[in-house]
1. Work out the length of the dipole vector of the range 24-88 about its Cα centre, built from +1 on the beta-carbon of each Lys and Arg and -1 on the beta-carbon of each Asp and Glu, and round it to the nearest 20 debye.
2. What's the extension gain from A27 to T58 if we count 0.36 nm per residue and subtract their Cα-Cα distance?
3. Within 13 Å, Cβ to Cβ, of K43, how many net charges do the neighbouring residues add up to if Lys/Arg are +1 and Asp/Glu are -1?
4. Under the classification rounded if a/c is under 1.5, otherwise prolate if a/b is larger than b/c and oblate if not, where does the range 24-88 fall, given a ≥ b ≥ c as square roots of the Cα gyration tensor eigenvalues?
5. Counting only other residues whose beta carbon sits under 13 Å from that of H33, what net charge do I get with K and R as +1, D and E as -1?
6. If packing is taken as the mean number of other Cβ atoms within 10 Å per residue, what is the order of 79-91, 26-38, highest first?
Amino acid sequence: MKKIFAALLVASALPAWGAPPNAADGAAVYQKHCAMCHGAGGKGDTGVPPITGKSTATVAKVAAAHPPPADKLQITPDDAASVGRYVSSLKK
């Protein structure tokens, strides 16, 4: 009985869909903060460098300390990591 109770207690503490609570949605953050300059697909169609094909770590690092004008966005580390994962999934 104690084992069942312990298992239920642990399971109830886990997020419903396996994602941490308040996890950033990389696609939504990208569309809100990045797509206006890098384009919807990250190909840099607007005259800025393309970001498709970049690694998750590279994109997250640049997003966290982005040069102007995006430096004013104050993207959180979680947002930067989520954007990195999203962008690394985009097709070149």
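A short reminder: the numbers here are calculations on the coordinates, not readings from a lab. None of the values given here were measured: they were computed from a predicted structure. Note that we place each Cβ from the backbone using ideal geometry, even for glycine, and neighbour counts take in every protein chain shown.
1. Roughly 120 debye for the range 24-88.
2. Value of the extension gain: 9.5 nm.
3. Neighbour charge sum, excluding K43 itself: +2.
4. Rounded shape, in that the Cα axes give a/c under 1.5.
5. -1
6. 79-91, 26-38
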